[in-house]
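Taking it in order: structure first as structure tokens, then the write-up.
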Amino acid sequence: MAEAAQKTGNQVLVDTYAQKTALRLGVSPESVRTEFGKVRSAESGARSSEGEEPPLDEVEAPARPSPHEFWLLKLLLLHDGLVPWAALHLDVNWLGHPLVRQIVEHRLAAQTNESWKNLAAFLDEC
């Protein structure tokens with residue numbers, strides 16, 4: 001049961017089946033979760049020795065940008081009237097998140113090169 005639940009990659013589903021299994025066996029859900037976790041760690045160990053890539057839920061996600069950087073992106077991508085001023089005054093070196101810095105650089109370059117059409121075209125280009 002644990003192997004089949006783990007193959008889905010859905011932790012909610014795994015937990016649901018762990019609870020159902022615990023109920024049928026008359027044991028605590030925590031003990032079943034622990035056993036299900038052992039199956040997951042054994043599978044990931046076997047997978048790494050085989051050279052397979054881990055599933056997406058096991059891959060470390062990149063860090064989220066700070067709220068200030070996120071709002072700067074929203075302003076520059078949604079309000080075209082603010083971009084000329086930002087192109088003249090904004091120093092992208094203060095941006096800490098590398099992906100945010102790259103997007104802002106591309107947006108400001110599109111403004112200075114006068115190649116900006118709209119957000120959809122910009123995203124398609126990226």
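So, GLU30, is that one modelled with pLDDT of 80 or more and part of a helix (DSSP H, G or I) or not? Answer is yes for this residue. Looking only at the stretch 92-121, which residues are part of a loop (DSSP other than H, G, I, E, B) and either under 21 Å from ALA63 (Cα atoms) or modelled with pLDDT of 90 or more (or both)? The answer is LEU95, GLY96, HIS97.
The values are calculated or read from the model by the stated rules, or taken from the named source; none is laboratory data. What you see is a predicted model; the values in this text were computed from it and never measured.
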